[in-house]
Every structure is written in C-alpha cells, then in structure tokens.
Amino acid sequence: MSVDNVAAISMSLAIADEPWRDFGFEGRPKVGSVFRSIRPGWKNIVEDRIVHTIICSVVATHYFAERFSKDSLGELLLKITEKPSVVTAFGFASRDDAIHVLRQLTLDFMEASEDELPSKLAESLHLEAITNLEMRSQLEKGAVTWAQSLHRLKEILNR
C-alpha cells in the first residue's frame, strides 16, 4: 500500500467518530481554537494524545499486516505533517516536534506484540497523569476496545 494511502487512512480515522467511540466519547470532539483556549488544558492534552495514538496505531497496524514498510515511516510522517495547520491542530509546537513524537510512538506500537498492544495504547495516553478517575477508567477501557478494532482492521487488510 502506498505511503499516501496509509497516511490518508490514518488521518481519516483520527477525525472519524468511530475510533473516538471506542475511547468512550460520543464521537470526535469538535472544538475550535477559541474554545480550546478557555477549557481545562488537560482535556486538550488528552484529546491530542488520542489523535496521536489513533494515527500511529493505524500506521503500525498496516505494518503488522505487511502493507507498510518501516523504511517508509519518515516519508509518511513528512506527508502527515506537511500542513502547518494540521501540526497545530494535533497540539504540536512545530513540525519537527510532531515528527519526533509521532515517529517514536509509531515505533513503540510496531515493536509491541498483539497481546501488548492494549497496554501500549494505554501508555501512549499517559493515563497516570489524568487526575479525573472517570476519564482515566474510560480511556483504559477504550485502549482495549481500540486494540480490538485494530485487530479487525488488520484482518481486513490481510484479505
């Protein structure tokens, strides 16, 4: 599968409602920059981490299905971060910062076994930093549900 296709799929899933439902939301939160600036910062951080997790775990799933090469990761990250507005929307200060974080997160997922994936997904959300216990529990469950969805995606890619 081409880098463009993997980038498009991972980005489209990050803004689709279904993955967000896996994480316990009604759908993808749709807030603008003005609203983001007046609500609690931890909510923005959690939502940014979920976006990063969705993108990177979808890329890793393509890798597991042998539809994407680790050698193409740099090209894919350049593609994903080519628009400054996207980098900002993902909560990054710069393109270099985005590439660094997304590369490391994707590699972490690629190195995990399928059994380890739910815990790797939860780790990527930095649950220990979330003081809202209800949100933390929701995201722990969401990591397991999202891992199941990724398993189904892998099965589809392997057909």
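The values are calculated or read from the model by the stated rules, or taken from the named source; none is laboratory data. Everything quoted here is computed from the prediction, not taken from an experiment. Note: ideal-geometry Cβ built from the backbone for every residue, glycine included; neighbour counts use all protein chains shown. Accessible surface areas use protein heavy atoms only, side chains included; no ligands, DNA or RNA. Shrake-Rupley method; radii C 1.70, N 1.55, O 1.52, S 1.80 Å.
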In the stretch 121-145, the residues that are of a type in the set (Val, Ile, Thr) and open to solvent by less than 30 Å² (accessible area, probe 1.4 Å): Ile130
Answer from Val34, Val46 - the residue that is at pLDDT below 95, closer than 19 Å to Lys141 by Cα and either assigned to a helix (DSSP H, G or I) or β-branched (Val, Ile, Thr) (or both): Val46
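Residues checked against (1) within 26 Å of Arg159 (Cβ to Cβ); (2) in contact with a Leu (Cβ under 7 Å, 6 or more places away or on another chain):
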residue: Val51; (1), (2): no, no
residue: Ala65; (1), (2): yes, yes
residue: Phe68; (1), (2): yes, no
residue: Ser85; (1), (2): no, no
residue: Asp97; (1), (2): no, no
residue: Ser113; (1), (2): yes, no
Residue, surrounded by the most Cβ atoms within 10 Å (Cβ to Cβ), within the stretch 18-31, restricted to residues that are assigned to a helix (DSSP H, G or I) and touching a Phe, Trp or Tyr at 6+ places or on another chain (Cβ under 8 Å): Pro19
Residues within the stretch 80-93 that are open to solvent by 50 Å² or more (accessible area, probe 1.4 Å) and not in a helix (DSSP H, G or I), tallied: 3
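Scan the stretch 94-120 for residues that are open to solvent by 80 Å² or more (accessible area, probe 1.4 Å) and either touching a strand residue (DSSP E or B) at 6+ places or on another chain (Cβ under 8 Å) or among the basic types (Lys, Arg) (or both) and report the count.
Adding up the residues that qualify gives 2.
Give the stretch 1-19 a look and list any residue that's β-branched (Val, Ile, Thr) and in contact (Cβ under 8 Å) with a residue 40 or more places away in the chain, or say none.
Scanning the stretch 1-19 gives Val3, Val6, Ile9.
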Whichever residue in the stretch 114-133 is free of Cβ contacts under 8 Å to residues at least 60 places away in the same chain and within 15 Å of Gln148 (Cβ to Cβ) and, among such residues, is farthest from the chain's Cα centre (by Cα): Asp115
Selection count where residues are among the small types (Gly, Ala, Ser) and at pLDDT below 95, scope the stretch 138-159: 0
Condition broken by Arg67, with the remaining ones in (1) crowded, with 20+ Cβ neighbours inside 10 Å; (2) outside any helix (DSSP H, G or I) satisfied: (1)
